[in-house]
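Following: one structure in structure tokens, then a few remarks.
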Amino acid sequence: MSVISIILIILATYIFMEFVAWSAHRFLMHGLLWNLHRDHHEKNQNHKYEKNDWFFLMFATPSILLMYFGFGSDEITSMFWIGIGIALYGMTYVFVHDIFIHQRIKIFRNTKSPYFLSMRRAHKMHHKHLGKEDGEAFGFLWVPQKYRKEYK
């Protein structure tokens, strides 16, 4: 497999993961699995870990399995590179969502980037809804236009 093919597989997977994340957030986290996601929307949280953190394992498992089964003794298959793309998206999620947006680690507080400010604003608007219904801005890296316009 060529280096270009590998890069394209990883990039396509990474981009596709935004659709997967939006869909999972909208239909699973705010649907069938709300009981795990609810505490992430509660105000005045005084706990370090949330039930919502279990989603990390749910989303990491396919990546790990794809990398494991894609790493054959003879060759590395496309499954491995798809797993890498998922893992890179997961790493982005941890840095942006947990560290930048929710400040679980107190760094990256002062940004002047219109993109990051609009991302933070969209997420804040998502969290203003305390129930599983009537949500907005379910995406992660793609920020709806109405939030981007505020920082142009």
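The values are calculated or read from the model by the stated rules, or taken from the named source; none is laboratory data. Note that the structure is a prediction, hence the values are computed from the model and not measured. Cβ coordinates were reconstructed from backbone atoms using ideal geometry, including for glycine residues, and neighbour counts include every protein chain displayed.
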Legend entry - Residue that is modelled with pLDDT of 90 or more, within 28 Å of Arg148 (Cβ to Cβ), of a type in the set (A, V, I, L, M) and surrounded by 14 or more Cβ atoms within 10 Å (Cβ to Cβ), where the choices are Ala12, Ala21: Ala21
Inset, instruction - For the range 97-148, name all the residues that are over 23 Å from Trp34 (Cβ atoms), in contact (Cβ under 8 Å) with a residue 24 or more places away in the chain and not in a loop (DSSP other than H, G, I, E, B). - result: Pro114, Tyr115, Leu117, Ser118, Met119, Arg121, Tyr147, Arg148
Inset, instruction - Please specify each residue of the range 132-152 satisfying the condition of being on the phi > 0 side of the Ramachandran plot and either modelled with pLDDT of 85 or more or out of contact with any Pro (no Cβ under 9 Å at 6 or more places or on another chain) (or both). - result: Asp134
Inset, instruction - Considering only the range 73-91, state which residues are surrounded by 14 or more Cβ atoms within 10 Å (Cβ to Cβ) and either closer than 17 Å to Asn52 by Cα or of a type in the set (Gly, Ala, Ser) (or both). - result: Ser78, Gly83, Gly85, Ala87, Gly90
Legend entry - Residues that are farther than 23 Å from Gln103 by Cβ, surrounded by 12 or more Cβ atoms within 10 Å (Cβ to Cβ) and among the aliphatic types (A, V, I, L, M), drawn from the range 25-59: Leu28, Leu33, Met58
Inset, instruction - Output yes when any residue across the range 108-131 is under 27 Å from Ile7 (Cβ atoms), small (Gly, Ala, Ser), exposed (fewer than 13 other Cβ atoms within 10 Å of the Cβ) and at pLDDT 80 or above, and no when none is. - result: yes
